[in-house]
Each structure stands twice: as C-alpha cells, then as structure tokens.
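Novice: Structure in structure tokens, see below.
The values are calculated or read from the model by the stated rules, or taken from the named source; none is laboratory data. Just so it is clear, the model here is predicted, and its values are computed rather than measured. Positions of Cβ are generated from backbone atoms using ideal geometry, with glycine treated the same way; all protein chains shown enter the neighbour counts. Accessible surface areas use protein heavy atoms only, side chains included; no ligands, DNA or RNA. Shrake-Rupley method; radii C 1.70, N 1.55, O 1.52, S 1.80 Å.
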Amino acid sequence: MRIAVLGGDGFVGWPTSLHLSNLGHEVHIIDNLSRRWIDTELGVQSLTPMDSIQERCRIWKQETGRQIHFHLLNLAKEFERLKQWLAEHKPDAVIHFAEQRAAPYSMKSDRHKVYTVDNNVNATHNLLAALVETGIDAHLVHLGTMGVYGYSSVGAPIPEGYLDIEIDTPTGKKGQQILYPTRPGSVYHMTKSLDQIMFQFFAQNDGLRITDLHQGIVWGTHTDQTRRHEQLINRFDYDGDYGTVLNRFLIQAAIGYPLTVHGSGGQTRAFIHIQDCVRCVELALSDAPAAGERVKIFNQMTETHRVRDLADLVARMTGAKVMNLPNPRKEADENELIVKNDQFLALGLNPITLEDGLLTEVVEVARRYAHRIDRTRVPAVSAWTKEIATKVDHDPESHLGDAHAATEAPQPRSRGGLGR
C-alpha cells in the first residue's frame, strides 16, 4: 500500500513509519516538524540524540534499501497544499498522528490552549475535508487517546467506543448504541473528543472509512526497526510536559532523581509498549471498515496500573526513592479503570506487558544519555488552574534530605548548554 503517515517525525509516528516500510509499504511522512520547534520553545531536547528527518530517512534506505519519502507540510494551515498532495499521490491509507499530543503542554497557558485547539482540530478537519473533496477512498487511521473516556470510576469495563443504552419511548424501551460519553481531562483530550464527533459526521455523511485508536500511555524505547542503527533511534521525552509517566520514573531512577508521584498516586492509567503501538496500527490497517460503515474504534492498550504501583515497581528494581508531590492536574486522587481491548486481541495482538528486561532497557538508555538531561526540566509544573499553580513544586530536589536521597549517586546538574 501507499501510506501517508501524518506526523511521522514524532514519538509514535517515526517507529510506525519504519515498521510499515519494513513490511514493504510505500511510506510518505508528512510533518511540519512542530515537535522540534516545541523542544526549542521549552528549552529541552529528546534524551536520545535525533538527526534531521531527512538524515534518518537516508540512514533507513542505507540500511534496508527501502525509501521513506518526507514532505514538509502544515496540515492545520495549508489546506490547498494538503488537497493537492492527496490528489497527486492518492494514498491507500492515511495514518493521522499530526496533533499536539501532550496534556500538560496544552494546559501551560492560554496561548498553549489556543495553539493546541487550532492545530489539532484544524488539522483533523482539513484532512477530512480534503479527503472528501479529492474523492480518494483512503482508509483513515487516527491515533486518539484513552483520555477521551475520562478517569472516573464507573465500576464497569469501558467498551471500545460505543455504549449500549436503553431509551424510554411512548411504546416502551428501545435499545441504541451511542458514542461512549466523553469526559476530557485537559484541552488536549478535549481536541481528541472533538475529533471523534468529526469522524462520526464524515463517516455517515460522506462515507469516509475511518478507524480511531484510543491509545493508552506509551512506554519503552526501541522497536525492532529502531534497533537497526543508532541514528534510527526514536525520540525519548523525559520533561514534565512530554515525558510519559513510566518512562519518566525509569529516567529518574537512572539519574538518581526521586520518583515524583503527584497526589496520592492512586490514578489508574492504561499502558502500551511502543512495539505494540506500531503492531496495532498494522492490525488496524488490515481490518478497515467499508464505505458507509460507522467509525471503527479500538482501545489500543494492553494493561492498566496505578501510578503509585508503578513507582513502587521501579523503586524495587532500581533502589530509587519515591517522593509524593502536589498534583498539578485537576483530577480525582483515586480511580479505577477497566478497559476492553478484545478487538486487537482477536486480530492476533500478543501484548508486551511490563517485564524487568524491558524496564531495565529503558534505564540503560537513560544512563547512556544522562549527560543530555537537564534536571531542572524533570519536574511536572504545568498546572491545570491558577489556584493549583500556586501549590506546584518546581524543584523537588531542593528539599530532598540525605535520608530521602536515591540509592544511586545523583549525576551532576546541567550547567548550561544542552537543554537550556
């Protein structure tokens, strides 16, 4: 297939592009490189050193003989160019990763909220409108989030997208299926909820074939393809805005930083390994809905864990100490999360679950590149409200006494240069 990977320079987009190219597909990455500009804005960089997207594509061709094409294009701002590109290349499938993906970044300030909505909503709508206008029958696979469901405890498994309900009518009760009610916990999650509504409309009105993947929190570093050459390594975020919770714990353990658990740590989250992410996209592509069918929704996750349990696991494995801090998010201290993921299991997914070997791999990667870490960027400080912002701890290490120090000797603090 000819596949367009929108946002293919990103954390999940890059390994997905390599995985699909390795399977023999013709892969085209479309990206405006905004994630790299955000690194510059935040004054932080990927833990792992990243070459330009052009150089990474060159190394991939050198190693495999397969070419990944790169196209610089802003989906949210360049509708006519997007439409022209689709008409010219006529992809069989479009994988949509091209959205600002961090909840904390979306809550940093009013400017970040506006940017996240403008970028994410416009990019998705422009893509849908362009597919309709060009008449291309491409299967659209979108990377959504488990966060659209919210994190309240409902006491029942969350279904894959649709909820069976009964409605009272004058002639009695009638059954119906509706989209599972959304309860977004950030502006970022809100944009993903809006995506869902747009997908439903364009599927029913224009017959677009759409699959929406409600993904859990991603952990891990490598996929089979990123291991093939050092310059193919994936980006790896450790900062308080973009670093995912388990990866951040493992990095904190590697550099002698306390494992920062916000609030009680009783928040339950869904998780998936990066290798399973790319495998799930492959499986979704093989199970496309027909024109006229409703949006197909998968829960793309493999297991759930409480944050404090993850911290305890990493602490036992590495000897690191755990520190509880005020929570910068507006959320319940405790929640249950039961999730169905039957569809991917039925398609043949053999999930990768938390294993010491893979966890140790992340710690080893962190230690290898520890010199690139700016410790001042590790804390999560983007607050959900102005009131919460007054309670956020910006420097947990400043009041960390010897009795609470991590077992491993801390690395020296960054003194300018990288990450500043």
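Novice: Taking the range 199-216, which residues are touching a residue at least 24 places away in the same chain (Cβ under 8 Å), surrounded by fewer than 18 Cβ atoms within 10 Å (Cβ to Cβ) and not in a loop (DSSP other than H, G, I, E, B)?
Specialist: Gln200, Gln204, Asp206
Novice: Tell me, which helices (runs of 4 or more DSSP H) wholly within the range 313-389 include 3 or more residues that are crowded, with 18+ Cβ neighbours inside 10 Å?
Specialist: 356-368
Novice: Still on this structure, please answer the following. Can you say whether Gly185 is over 30 Å from His71 (Cα atoms) and open to solvent by less than 10 Å² (accessible area, probe 1.4 Å), as far as the supplied structure shows?
Specialist: Considered against the rule, which asks whether it is over 30 Å from His71 (Cα atoms) and open to solvent by less than 10 Å² (accessible area, probe 1.4 Å), Gly185 comes out as no.
Novice: Which residue, of Ala288, Ala284, is farther than 19 Å from Arg248 by Cβ, modelled with pLDDT of 95 or more and in a loop (DSSP other than H, G, I, E, B)?
Specialist: After ruling out the rest, the residue left standing is Ala288.
Novice: If you don't mind, there's one more thing I want to ask. Of all residues being more than 19 Å from Arg111 (Cβ to Cβ), buried (at least 16 other Cβ atoms within 10 Å of the Cβ) and among the hydroxyl-bearing types (Ser, Thr, Tyr) in the range 29-80, which is nearest to the chain's Cα centre (by Cα)? Just the residue, please.
Specialist: Ser46
Novice: Would you check if there is a residue in the range 126-137 being assigned to a helix (DSSP H, G or I), open to solvent by less than 10 Å² (accessible area, probe 1.4 Å), under 30 Å from Glu331 (Cα atoms) and touching a residue at least 60 places away in the same chain (Cβ under 8 Å)?
Specialist: no
Novice: Sticking with this one: So, in the range 54-75, of the ones that are touching a Leu at 6+ places or on another chain (Cβ under 7 Å) and assigned to a helix (DSSP H, G or I), which residue ends up nearest to Arg248 (Cα to Cα)?
Specialist: Going through the qualifying residues, I end up with Arg56.
Novice: Looking only at residues in the range 82-114 that are within 15 Å of Ile38 (Cβ to Cβ) and polar (S, T, N, Q), which one is farthest from the chain's Cα centre (by Cα)?
Specialist: Filtering first and then ranking leaves Ser109.
Novice: Report yes if Tyr238 is aromatic (Phe, Trp, Tyr) and open to solvent by less than 10 Å² (accessible area, probe 1.4 Å), otherwise no.
Specialist: yes
Novice: Going by what's in this entry, would Leu140 be described as open to solvent by less than 50 Å² (accessible area, probe 1.4 Å), more than 16 Å from the chain's Cα centre (by Cα) and within 14 Å of Phe97 (Cα to Cα)?
Specialist: Answer is yes for this residue.
Novice: Given (1) without any contact (Cβ under 8 Å) to a residue 40 or more places away in the chain; (2) over 29 Å from Thr376 (Cβ atoms), identify the lone condition not met by His69.
Specialist: So His69 meets the others, but not (1).
Novice: If you check Tyr151, Tyr162, which single one turns out to be out of contact with any helix residue (DSSP H, G or I) (no Cβ under 9 Å at 6 or more places or on another chain), crowded, with 19+ Cβ neighbours inside 10 Å and on the phi < 0 side of the Ramachandran plot?
Specialist: Answer to the check: Tyr151.
Novice: Of the residues that sit in the range 95-118 and are assigned to a helix (DSSP H, G or I) and open to solvent by 20 Å² or more (accessible area, probe 1.4 Å), which one is nearest to Asp212 (Cα to Cα)?
Specialist: Checked the range 95-118; the qualifying residue nearest to Asp212 (Cα to Cα) is Val117.
Novice: Suppose we filter Gly220, Gly175 for residues that are surrounded by 18 or more Cβ atoms within 10 Å (Cβ to Cβ) and at pLDDT below 95; which single one remains?
Specialist: Gly220
Novice: When you scan the range 241-291, how many residues do you find that are within 21 Å of Met50 (Cα to Cα) and open to solvent by 10 Å² or more (accessible area, probe 1.4 Å)?
Specialist: 5
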